[in-house]
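Below you'll find the structure, written out as structure tokens, and then a few comments.
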Amino acid sequence: DLATKYYMEASEKYQKMGSCSIDSINLLNEVGWLFQQVENYGMALKYFEKVLEISNSSDIVSPEDKASSLNNLGLLYCDMKEYDKAEEILLKSLMEDKSAMSLYNLSCVYVGKLEYNTAKQYLLEALSSIEETAFRVECLSGIVYCYICMNDFVSVEEYIILLERIHKDMFTSSCLFL
């Protein structure tokens, strides 16, 4: 099984690196993410918690890196449908670094909790703080979904028009390079 193979390789690399390096933290996060992808949540949780343990006891971890680790753990709890725990962790992530990704991830919790208006507010805040096109499309799509769930079809139409403009701009700019 692929996750086990990566786990064995990661264990060897981790032993060589030492536990308090950025490389070892990144490695542990990657292995946790791999276990999350194959829905081995217990192992993923083990790795993400180890990362937080190292992050909390080390001066080498930036607030952005700590927020990223908290995001990973929060999304894991979201996948496990433990939305209250995910919310708690992702709110901590926002205190470390109020990034668009943290805002977006928190919106996922509120979608899971069927709190679409709150999810939409976090998506709008994430959207206003990012320029990267693919991420803007992701936020806009999430906003459309929230409006659909809220039966606000006038707003759905408004945001679909925005999505169409972005797709048109993406297509036009990609054609310029042909």
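The values are calculated or read from the model by the stated rules, or taken from the named source; none is laboratory data. Remember, predicted model here, so these are calculated numbers, not experimental data. Heads up, the Cβs are rebuilt from the backbone with ideal geometry, glycines too, and the neighbour counts pull from every protein chain shown. Just so you know, the surface numbers come from the protein's heavy atoms only, side chains and all, with ligands and any DNA or RNA stripped out. Shrake-Rupley method; radii C 1.70, N 1.55, O 1.52, S 1.80 Å.
For the structure I just gave you, tell me whether Glu96 is closer than 22 Å to Glu158 by Cβ and open to solvent by 30 Å² or more (accessible area, probe 1.4 Å). Even if it seems obvious, please write down each step before you answer.
Numbers: closer than 22 Å to Glu158 by Cβ: no; open to solvent by 30 Å² or more (accessible area, probe 1.4 Å): yes.
When the stated conditions are applied, Glu96 does not pass them.
Can you tell me which of (1) in contact (Cβ under 8 Å) with a residue 12 or more places away in the chain; (2) within 30 Å of Lys46 (Cβ to Cβ); (3) assigned to a helix (DSSP H, G or I) is the one Lys81 doesn't meet? The number of the failed condition is (3). Scanning the range 130-178 for residues that are exposed (fewer than 13 other Cβ atoms within 10 Å of the Cβ) and at pLDDT 90 or above gives Asn151, Phe153, Val154, Glu157, Ile161, Glu164. Within the range 57-79, is there a residue that is open to solvent by less than 50 Å² (accessible area, probe 1.4 Å) and farther than 30 Å from Thr118 by Cα? The answer is yes; a qualifying residue exists. So which residues in the range 106-149 are closer than 19 Å to Ala86 by Cα and of a type in the set (Val, Ile, Thr)? Listed by number, the residues that qualify are Val109, Val111, Thr118. Contact list please: Cβ distance under 9 Å, first residue in the range 132-154 and free of Cβ contacts under 8 Å to residues at least 60 places away in the same chain, second residue outside any helix (DSSP H, G or I), pairs at least six apart or on different chains. What qualifies is Arg136/Ile130; Cys139/Ile130; Cys146/Asp152; Cys149/Leu114. Of the listed requirements (1) in contact with a Phe, Trp or Tyr (Cβ under 7 Å, 6 or more places away or on another chain); (2) of a type in the set (Val, Ile, Thr); (3) not in a helix (DSSP H, G or I), Ile89 misses just one: (3). State yes or no: is Leu75 at pLDDT 95 or above, more than 26 Å from Gln36 (Cα to Cα) and in a helix (DSSP H, G or I)? No.
Does Ser68 satisfy being part of a helix (DSSP H, G or I), over 22 Å from Ile143 (Cα atoms) and touching a residue at least 24 places away in the same chain (Cβ under 8 Å)? For Ser68, the condition - part of a helix (DSSP H, G or I), over 22 Å from Ile143 (Cα atoms) and touching a residue at least 24 places away in the same chain (Cβ under 8 Å) - is met.
Taken as a whole, the range 103-111 holds no residue that is open to solvent by 60 Å² or more (accessible area, probe 1.4 Å) and part of a helix (DSSP H, G or I).
Pairs meeting the criteria (first residue in the range 32-48 and acidic (Asp, Glu), second residue open to solvent by 20 Å² or more (accessible area, probe 1.4 Å), beta carbons under 8 Å, at least 6 apart or on different chains) are Glu39/Asp79.
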